[in-house]
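Here the structure is laid out as structure tokens; the discussion comes afterwards.
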Amino acid sequence: MQQIRLAASDLIEGLRAWVVWGLLGWQDVRQRYRRSLLGPLWLTLSLGVMVGGLGYVYGDLFKTPIDSYLPFLTGGFVAWGLISTLITESCTVFVAAEGYIRQLRLPFSLHVFRLIWRNLIIFFHNALVFVVVAIVFKIVPNWGLLWLIPGLFIILFNAFWVGLVLGALCARFRDIPQIVSSLIQVVFFMTPIMWKPELLANRPVFVHENPFFHFVELVRAPLLGEAIGRDTWVITIGFGLIGSVLAFLFFARARRRIAYWV
Amino acid sequence: MARIALENVSLDFPLFGAGSRSLKKAFMRLGTGGRLARDSADTVVVKALRELSFTVVHGERVGLVGPNGAGKSTLLRVLAGIYEPTQGLVESEGRPVALFDPSLGMDMEATGYENIMLRGLLMGLSRPELREKTADIAAFTELGEYLAMPVRTYSSGMLLRLAFAVSTSFVPDILLMDEWIGAGDARFLDKAQERLHGMVEESGILILASHSEEIIRRLCNRAFLLEGGRLIAAGTPEEVFAVYNDQGRAHEGF
């Protein structure tokens, strides 16, 4: 019972220390700016080049007209970039913060908030690629774009509990990060990011039963001006609710040991 | 009024991945004090602290003495609230500030000024408080124009000055230090000690782990001798060093 109370106060204190994680996360991004002219825009640029190149090759391969394929691909990559980085960086969220954890008494959740904040900033850098694509293909934004806000919020909410769990587990078992990053790669190919879901009409399992498809949709659909499907809302919000309850119970048990593990 | 009370505090430190023999051996060579016991699941558990009970009150400057691996650093981390003990109760009134490794928690790419802000925020100061104190802190470091340069260009002595200046820019209730005051040049050491003395006089508690008998005698008015995670002796630094040296051990450890 006491551990549950301590875990809850860790989360609250972490949230309230927004000045600290705001600055730390911002500094993480600025660090990338510091010694190069383009900074994090390098990532944006490389994403742009990749999407451009892939768009022409795969659009042809899948016999999809480029003016519908390229925006789809770009939206998918921007979404996937956020989701996959959040997951892979979750693995190192506590291990990388070892210096802080072993020197200062800070709420553990603070490190997760920092991670999420940093990736949100980088997401908006990458979203520039989509802006360029939208201009080139004359996609006029409609009100549906506003769904991006709740969509992003659901992704970040899920990222929070995933960060707490993966961060703690990976601090304890150091081989998990490798497993996670190979799984992420497999998921990338199995999720409709490079290919349109219609192409797999006879095996809808990979689309509709794949939670990653729904998380990608939370960003991609609003960008493309499409409505987010009801299933997507239900699955992603359900994931968030169930996941966060289980993650909280796990965190309440693991919290006091994280300092030993890192 | 600052106060720390420990009641029957024990801490078992699990060493994971110790199933591999090499790590275990390496640790056995390293750790002299911590008793190694085998957990059921092939995990080595170090009994880092055992049944510690003591009370430290306002104005006391406590030196922690003992061989390497006696549990001094672990005890400091327990007092800082970083490690939660496996057993027992830690009660502390007042906010602890720990100065363990000065370069930890510094952003090497950021400038000295940015690090003052960052470290200050991490220690729980607010932005307005920090803006008010920045000039004072900068003056104490004597780093001048270096403060506008990235910290990665600093020498370790300069880093230490910066960390010390920020961490001591306000009077903490409880100051915890792990053997680093010896770094830096002699003049800065004098200055640091002057500041420390002032801080302790004004308020709070100092707990300092050190191998240097001279530093503990100069700074502390009380001392604890730890060995194998147990509190062997407590008293004035003179008394405790008498016991420690009697055991026929050099104070550098083994």
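A few remarks follow.
- Here the condition is being among the charged types (D, E, K, R) and at pLDDT below 90; of B:R119, B:R77, it holds for B:R119 alone.
- Residue in the stretch A:136-153 that is under 18 Å from the mean Cα position of the chain (by Cα), farther than 27 Å from A:V262 by Cα and outside any helix (DSSP H, G or I) present: no
- Checklist (1) more than 20 Å from the chain's Cα centre (by Cα); (2) buried (at least 18 other Cβ atoms within 10 Å of the Cβ) applied to A:R257, failing item: (2)
- Residue match in the stretch A:151-168 (condition: within 14 Å of another protein chain (Cβ to nearest Cβ), over 16 Å from A:F72 (Cβ atoms) and touching a residue at least 12 places away in the same chain (Cβ under 8 Å)): yes
- Test: residue in the stretch A:69-92 that is part of a loop (DSSP other than H, G, I, E, B) and on the phi < 0 side of the Ramachandran plot: yes
- Where strands (runs of 3 or more DSSP E) sit wholly within the stretch B:48-159, those with at least 3 residues that are within 14 Å of chain A (Cβ to nearest Cβ) occupy B:87-93, B:96-99.
- Residue among A:S84, A:S36, A:S68 that alone is of a type in the set (S, T, Y) and within 14 Å of another protein chain (Cβ to nearest Cβ): A:S36
- Flag for B:A163 being within 14 Å of chain A (Cβ to nearest Cβ), under 30 Å from B:F241 (Cβ atoms) and either of a type in the set (G, A, S) or in a loop (DSSP other than H, G, I, E, B) (or both): yes
The values are calculated or read from the model by the stated rules, or taken from the named source; none is laboratory data. Since the model is a prediction, treat every value here as computed from it, not as a measurement. Here Cβ is always computed from backbone atoms with ideal geometry, including for glycine, and neighbour counts include all displayed protein chains.
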